[in-house]
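The values are calculated or read from the model by the stated rules, or taken from the named source; none is laboratory data. Because the structure is predicted, anything quoted here is derived from the model rather than measured. Cβ placement follows ideal geometry from the backbone for every residue including glycine, while neighbour counts extend to all protein chains displayed.
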Amino acid sequence: MRVLAISGSLRKGSTNTAALDALARLAPHGMRVLVYQDLAKLPPYNPDDDVDQGSLPQLVEALRAMIGACDAVVIAAPEYAHGVPGVLKNALDWLVASEVFAGKRVVLINAAPRAYHAQANLREILTTMSARFLADAFVNLPLLGRTMTAEEIVADPTCVRRLGHVIDALVEAVGDG
């Protein structure tokens, strides 16, 4: 099983990215969680640049290929000004113009439970993109006001239990087709 994990944060010490790194460390044998690294490098979305597959920016083609090849997508994003970070929205704009995202299983991880505006905004965007939400697997991690590394998250029993719930739901959903 292949899972693409996307953090909506560019911060070096991002708790959202650390949560996804922790998820990758907790993944069982047979599940590969790849944390996407090129969010900041994607060019701004311009419909004029999205004319045909052969002329797309290379990073966009690579992102679409990763989305197409994965069984599920896990997104963890902070909230900026009551919404989704611009770099994440930019990546989603590049994906919405293609068919690779339609029907993709999606789980949202919230590292700051009071970031409910971003979560609602993300649900709206992903609904438009025809995502298949595994809503029962959406989790809030108790990290508000704390900066934690992936190692610290993996050492926290509550975080491990909640991330384990995500893993179990992904295994069940992908196994069911």
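Filtering region 97-133 to residues that are more than 18 Å from Gly68 (Cα to Cα) and aliphatic (A, V, I, L, M) leaves Leu108, Ile109, Ala111, Ala112, Ala115, Ala118, Ala120, Leu122, Ile125. Residues that are out of contact with any Cys (no Cβ under 8 Å at 6 or more places or on another chain), under 18 Å from Val35 (Cβ atoms) and of a type in the set (Gly, Ala, Ser) do occur in region 130-138. Among the residues that make up region 103-117, is at least one of them in contact with a strand residue (DSSP E or B) (Cβ under 8 Å, 6 or more places away or on another chain), at pLDDT below 90, surrounded by 14 or more Cβ atoms within 10 Å (Cβ to Cβ) and within 19 Å of Ala173 (Cα to Cα)? There is no residue in region 103-117 that is in contact with a strand residue (DSSP E or B) (Cβ under 8 Å, 6 or more places away or on another chain), at pLDDT below 90, surrounded by 14 or more Cβ atoms within 10 Å (Cβ to Cβ) and within 19 Å of Ala173 (Cα to Cα).
Residue-by-condition table, conditions (1) within 25 Å of Arg161 (Cα to Cα); (2) at pLDDT 95 or above:
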position: Gln37; (1), (2): no, yes
position: Leu56; (1), (2): no, no
position: Cys70; (1), (2): yes, yes
position: Pro78; (1), (2): yes, no
position: Ala135; (1), (2): yes, no
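Under 6 Å between Cβ atoms, which residue pairs at least 6 apart in sequence (or on different chains) link something in region 158-177 that is closer than 15 Å to Lys104 by Cβ with a partner that is at pLDDT 95 or above and surrounded by fewer than 19 Cβ atoms within 10 Å (Cβ to Cβ)? That search, which allows pairs on different chains as well, returns Val174/Met1; Val174/Asp71.
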